[in-house]
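The values are calculated or read from the model by the stated rules, or taken from the named source; none is laboratory data. The structure displayed is predicted, hence computed values, not measured ones. We place every Cβ from the backbone using ideal geometry, glycine too, and count neighbours over all the protein chains shown.
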Amino acid sequence: MAEAVQIQLKKGVLELCVLALLSRGDAYGYEIASRLAEGIGMGEGTIYPLMRRMQADGLVATYLVESPTGPPRKYYRLTDEGRSAYELQKTEWSAFSAAVDAILGGAQ
Amino acid sequence: MTRQDFITRLRAGLGGLPPTTVAEIVGDYETHFAEALAAGRSEAEVAAALGDPERLARELRAEAGLKRWEAERNPSAAASAVFAVLGLGAIDVLILLPILLSIGGTILGFFIAAVAMFGVGGVLMVAGPFLVHTAPAAALILAGLGVMALGTSFGALATIASVGCTNALVWYGRLHLRLLKPALEPQGTAT
C-alpha cells in the first residue's frame, strides 16, 4: 500500500522534476535518467516515454552532440513553452505541498 | 537479460509503429546502454534498471495512438486510440467492456436508423407519387425529403456522439497514463 502511494506520487511529479532539471541546463537522456533514478528512485526506462511525450507537447526540443565515448548524445533543452510550464507547475506544487504539510501538521 | 534481448523485445513490442519512430525509440535505448556500459555498468544491471521492455513498448505505442487520434479524426485513428488505451491496461477492461458495448451498440443503432430513414425517405420521395394516388404528389415528395433530412441529422448526431465518446476515453486513458500507471515500477518491484 505504502509502495503504491509512493509510485503514484513519483509519477505525478516526474514531469516537474524533468522540467526543473532542464531549467538548470540542457542535459542528455542518460544524464536525466540517472539523475532521477538516483534522486527519487524512478525506473530509468520511464524517462524515455516521458521525454517523447514532452517533446510532442512542445515542452522540450532536442539536438545532437558528438560524444567522446560513444554514439552522439541527444540533448534536451526547454522551449519557451516548457519554461512557462515549469513556472506554473512549480507554483502549483509549492501551494499544494504547503497545504498538505499544513494538514499533516494540524493532525498531530 | 542482455542488451540484445532487451532491444529485440522492445522492437517486437513496437511493431506497427512507423519505422522511423521505432528507429528513434530503439536509438534512445541503444544510446542508454552505450552510456551505461561506458560508465562501467553491466548489461544485465542496465536492463534491470530500465524495466520491462514490453511494458515500455505499450506505453510508447499508446502515446503514438493518442497522438494520431488528435491529428486525424477518422474511424481508423479512433479505433487505434481506443485499442491503445485498452492495451495499456489503464482502464479495467472488465468494468469498461459492458459500458463500451452498450454505448457502442446504441451509437451503431443510431447509424443504422439514420441509413434506414434516409433510404425510406428517398423511396417515398421518388416512388411515392407513382404508387400512392390518395395523397398529392407534392406532399409525398416533401414528406420524403423530411424523412431524409431527419435521417441525416440522426447520422450527424451519432457521429458527434462517437467522436465525443472516443475523446472522453482518450482523456481518461491519458490521465491514467500520466499519473497512475507507471511505465514500470521503480527498481526492485519490476515484474
Original post:
Do we find a residue being of a type in the set (S, T, N, Q), surrounded by fewer than 18 Cβ atoms within 10 Å (Cβ to Cβ) and at pLDDT 90 or above anywhere in region B:69-78?
Top reply: no
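Give the residues of region A:84-108 that are without any contact (Cβ under 8 Å) to a residue 40 or more places away in the chain and of a type in the set (D, E, K, R), sorted by residue number.
Residues satisfying the conditions are A:87, A:92, A:101.
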Original post:
Assuming residue A:25 fulfils every condition listed in (1) closer than 24 Å to residue B:67 by Cβ; (2) more than 10 Å from chain B (Cβ to nearest Cβ); (3) at pLDDT 90 or above apart from one, which condition is it?
Top reply: (1)
Original post:
Pick from region B:41-55 the residues that are assigned to a loop (DSSP other than H, G, I, E, B) and of a type outside the set (D, E, K, R): which of them is nearest to the other protein chains (Cβ to nearest Cβ)?
Top reply: B:51
Subject >> Residue in region B:19-40 that is surrounded by 15 or more Cβ atoms within 10 Å (Cβ to Cβ), in contact with a helix residue (DSSP H, G or I) (Cβ under 6 Å, 6 or more places away or on another chain), in contact (Cβ under 8 Å) with a residue 40 or more places away in the chain and within 12 Å of chain A (Cβ to nearest Cβ) present >> reply: no
Original post:
Which residue pairs have Cβ atoms under 9 Å apart, sit 6 or more places apart or on different chains, and have a first residue in region B:163-176 that is within 22 Å of residue B:110 (Cα to Cα) and a second that is assigned to a helix (DSSP H, G or I) and modelled with pLDDT of 75 or more?
Top reply: B:165/B:100; B:165/B:103; B:165/B:104; B:165/B:107; B:169/B:100
Subject >> Residue that is farthest from residue A:30 (Cα to Cα) [pool: residues in region A:60-108 that are part of a loop (DSSP other than H, G, I, E, B) and in contact with a strand residue (DSSP E or B) (Cβ under 7 Å, 6 or more places away or on another chain)] >> reply: A:79
